[in-house]
Amino acid sequence: MKILVTGGCGFIGSNFIIYMLETYTDVEIVNIDLLTYAGNLENLKSVEQSTRYRFVKGDITDRDIVRLLASEKPDVIVNFAAESHVDRSIIDPSAFIKTNILGVQVLLDACREFGIPRFVQISTDEVYGSLGPEGSFSETNPLEPNSPYSASKASADLLVHAYFKTFNLNVVITRCSNNYGPYQFPEKLIPLMITNALEDKDLPVYGDGLNVRDWIHVLDHCKAVNTVMRHGVAGQVYNIGGRCEYCNIDIVKLIVNKLGKSESLIKFVKDRPGHDRRYCMNADKLTSELGWSPEISFPDGIEQTINWYLENQAWWERIKTGEYLKYYDTWYGER
Ligand code: NAD
Ligand code: TYD
């Protein structure tokens, strides 16, 4: 099976590539990634020598490069490429609209032109908006995104659906909850808190810290994507979730305590504008129809993740300089 992965140098894409190459000897992967601030070739060191892996630096909004790769006739395109951080989309939505919407159009057009038999769009639970204290999102929930990031992802989902209906393109969409695990860029909650705590820096918690997210280990997400890629029904959406709700402050306290640091590092700061209160995924469709369910418990997964950041200090120390510092000062400086 030849897979064209987009955005494979980011957090989830790199975990997916490593998982697929290690698990299936008949899988070949081409990875196109623009290497934005979030893309890191180091994530793929363990597979870069593989004869079944090839990296191409390129932008999914660039028709020429996408057409060139599509003309090699992969069996499937799995689209992880995106601008992915809500806070950055509040500072400037432009790149989100370009990559997350226009980029998807370019990929879909290439699938049509070259007859690519399958397109997998990696979407997010955030397209559904925010939940109250009860209930969960199912695939039939309306799309009610609240941030420029989630609005761009919802737009892409609608476009993917339209190409299914209008052009009969073989597409599937996955919508997953918050991931955590190795190689996550330290701007997202869990790696930010782990690395700041290790550096004895403030731990900025937005608002009252009681916003709830549904956490899933990245490896469970990758396995779900593989399942949907192979067995999902064309035109369908599949929710993916960890059945694991935590409010932010509890996660931050857990990390602080596991690292033996003081809770006095925790600082409540001005809330994120439009901050979604709660996400919770109902992934019953994926479990009952395709047989997937998460395998890694949160206590095990978070322990393993904290250890990974302890053991890979050089990886995140290199990242937390340069461009990232500028962003950090812009976003947190005034909070
Ligand atoms: P990430 O920000 O870590 O990685 C994104 C990757 O895409 C980077 O390697 C970046 O260089 C690349 N990229 C960005 N713009 C590009 C472009 N124009 N052309 C080619 N490559 C480009 O993101 P992630 O956390 O790995 O998320 C991957 C996907 O999963 C995204 O589509 C995101 O919306 C979705 N998702 C993420 C989560 C989560 O918790 N992280 C949850 C659900 C869904
Ligand atoms: P994040 O990792 O950015 O994921 P998302 O917003 O896509 O769910 O944030 C997870 C939660 O943590 C969210 O409710 C916002 C909160 N948060 C903080 O309280 N402080 C922070 O510094 C960050 C980055 C996030």
Output the number of residues of segment 60-94 satisfying the condition of being over 28 Å from E28 (Cβ atoms), within 16 Å of ligand 2 (Cβ to nearest atom) and not acidic (D, E). 7
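Yes/no matrix, rows are residues, columns are (1) among the acidic types (D, E); (2) away from ligand 2 (no atom under 16 Å from the Cβ):
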residue	(1), (2)
I173	no, yes
Y180	no, no
F185	no, no
D202	yes, no
Y206	no, no
L219	no, yes
V228	no, yes
G232	no, yes
V237	no, yes
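Could you tell me whether any residue of segment 253-273 is of a type in the set (G, A, S), away from ligand 1 (no atom under 15 Å from the Cβ) and either touching a strand residue (DSSP E or B) at 6+ places or on another chain (Cβ under 8 Å) or in contact (Cβ under 8 Å) with a residue 40 or more places away in the chain (or both)? Show your work before the answer.
Of the residues in segment 253-273, the ones of a type in the set (G, A, S) are 260, 262, 264.
Filter again for away from ligand 1 (no atom under 15 Å from the Cβ), leaving 260, 262, 264.
Among the residues that remain, those that are also either touching a strand residue (DSSP E or B) at 6+ places or on another chain (Cβ under 8 Å) or in contact (Cβ under 8 Å) with a residue 40 or more places away in the chain (or both) are: none.
No.
Would you point out which residue out of L68, L35 is under 30 Å from T330 (Cβ atoms) and either touching a Phe, Trp or Tyr at 6+ places or on another chain (Cβ under 6 Å) or among the hydrophobic types (A, V, I, L, M, F, W, C) (or both)? I'd like the intermediate steps shown before the answer.
On the way: L68 fails: under 30 Å from T330 (Cβ atoms).
Going through L68, L35 in turn, just one is under 30 Å from T330 (Cβ atoms) and either touching a Phe, Trp or Tyr at 6+ places or on another chain (Cβ under 6 Å) or among the hydrophobic types (A, V, I, L, M, F, W, C) (or both): L35.
Condition first: hydrophobic (A, V, I, L, M, F, W, C) and touching a strand residue (DSSP E or B) at 6+ places or on another chain (Cβ under 7 Å). Now tell me which residues in segment 81-123 satisfy that. Before the answer, list the steps.
In the first step, residues of segment 81-123 are kept if they are hydrophobic (A, V, I, L, M, F, W, C); the result is 81-82, 86, 90-91, 95-97, 101-102, 104, 106-108, 110-111, 114, 116, 119-120, 122.
Answer for segment 81-123, where residues must be hydrophobic (A, V, I, L, M, F, W, C) and touching a strand residue (DSSP E or B) at 6+ places or on another chain (Cβ under 7 Å): A81, V104, L107, L108, C111, I116, F119, V120, I122.
So that you can scan it fast, the table gives a plain yes or no per residue for (1) over 17 Å from the mean Cα position of the chain (by Cα); (2) of a type outside the set (G, A, S):
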| site | (1), (2) |
| --- | --- |
| I17 | no, yes |
| A38 | no, no |
| Q49 | yes, yes |
| R52 | yes, yes |
| I60 | no, yes |
| R63 | yes, yes |
For the structure I just gave you, tell me whether S147 is within 21 Å of the chain's Cα centre (by Cα), more than 16 Å from ligand 2 (Cβ to nearest atom) and in contact (Cβ under 8 Å) with a residue 24 or more places away in the chain. no
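Rundown of residues vs (1) within 6 Å of ligand 1 (Cβ to nearest atom); (2) surrounded by fewer than 22 Cβ atoms within 10 Å (Cβ to Cβ), yes/no style:
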position	(1), (2)
K2	no, yes
G7	yes, no
G10	yes, no
S14	no, no
I17	no, no
L21	no, yes
V27	no, yes
L35	yes, yes
L41	no, yes
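Since every read-out is calculated from the coordinates, none of them should be taken as a lab result. Nothing here was measured: the structure is a model prediction, and the numbers come from that model. For neighbour counting, all protein chains shown are included, and Cβ atoms are generated from backbone atoms with ideal geometry for every residue, glycine included.
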